[in-house]
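Scroll down for the structure; my scribbles are underneath it.
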Amino acid sequence: MGRSRYKIYETTHPHFVTCTVLHWLPLFTRQESVAIIIECLKYLQEKDNLKLYAYVILENHLHMVLSSDDLHKTMQSFKQYTAKKLLELLKKENVTTILDQLAFYKKAHHKEKSYQVWEEGYHPKLIQDEIMMKIKVDYIHNNPVKRGYVDEAVHWRYSSARDYSGMVGLVDIERLW
């Protein structure tokens, strides 16, 4: 997964992670690009025992609290698959400005690729107890509010805040910590 300084010692325990688009480019401004993220999360829930406790998808990054049988492998699969599908979408839609930027800002050691979609790493932080879980879930849900995008967390469609409010969200959420 690149040159991350962060290590995962408890591979099956919940972690707070952040995935950032290269150079903070706004890739998730259209439903089609967000759908790639949602589709991949659902697939990993089914095939990779991904447990998703909370998430939010913003225009250029996403936060999640999740666990799986092997978090590193799961995150590697997530980033590789979504990068491939996002590049396919950008090429199909002829979004040359963002494609040019993904090529320009690509890290030099990525010689075998023409583009880089994600910043390296995902900054895993082990959720050590229920208090930390609540803090991270609240942080995730309030991110769009803090940025001024919505007045209430449940108004942000691409978040698990709705699930925690008794509404149906876009992805199944584990609520048992």
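Calculate what fraction, in whole %, of the accessible area of the chain sits on carbon and sulfur atoms when a 1.4 Å probe is rolled over the protein chains. Let's see the in-between values first.
Working: 4870 of 9710 Å².
That fraction is 50 percent.
Over 15 Å apart: what share of the alpha carbon pairs of the stretch 104-172 falls there, rounded to a whole percent?
67 percent
Less than 5 angstrom separates the built amide H of residue 118 from those of 22, all sequence-distant by 5 or more or on a different chain. Between 0 and 90 degrees, the angle of helix 71-92 with respect to the longest Cα principal axis of the chain falls at about 50 degrees.
Using helices alone, I'd like the mean residue ellipticity at 222 nm for the chain: each DSSP H run of four-plus residues gives -39500 (n - 2.57), total over residue count, nearest 500. List each step's numbers first, then the result.
Values: 5 runs with 69 residues, N = 177.
Computed ellipticity for the chain at 222 nm equals -12500 deg cm²/dmol.
With all pairs of separate Cα atoms included, the chain yields a Kirkwood hydrodynamic radius of 16.7 Å. Short-range pairs are left out: with C-alpha atoms under 8 Å and at least six residues apart, the relative contact order of the stretch 55-176 is 24 percent.
For the peptides 89-102, 136-149, 43-56, the ranking by packing is 43-56, 136-149, 89-102, with the highest mean count of neighbouring Cβ atoms within 10 Å listed first.
On a per residue basis, the stretch 1-98 carries 49 Å² of accessible surface, using protein heavy atoms and a 1.4 Å probe. Which residues does a label at residue 11 reach in the stretch 106-148, if reach means a backbone N under 19 Å from a point 7 Å past the Cα toward the Cβ? Under 19 Å, as judged by backbone N against the label point of residue 11, lie 121-127 of the stretch 106-148.
The values are calculated or read from the model by the stated rules, or taken from the named source; none is laboratory data. All figures in this text were calculated on a predicted structure; none of them were measured in a lab. Note that we place each Cβ from the backbone using ideal geometry, even for glycine, and neighbour counts take in every protein chain shown. Side chains are part of the model used for accessible areas, which takes the heavy atoms of the whole protein and leaves out ligands, DNA and RNA. Shrake-Rupley method; radii C 1.70, N 1.55, O 1.52, S 1.80 Å.
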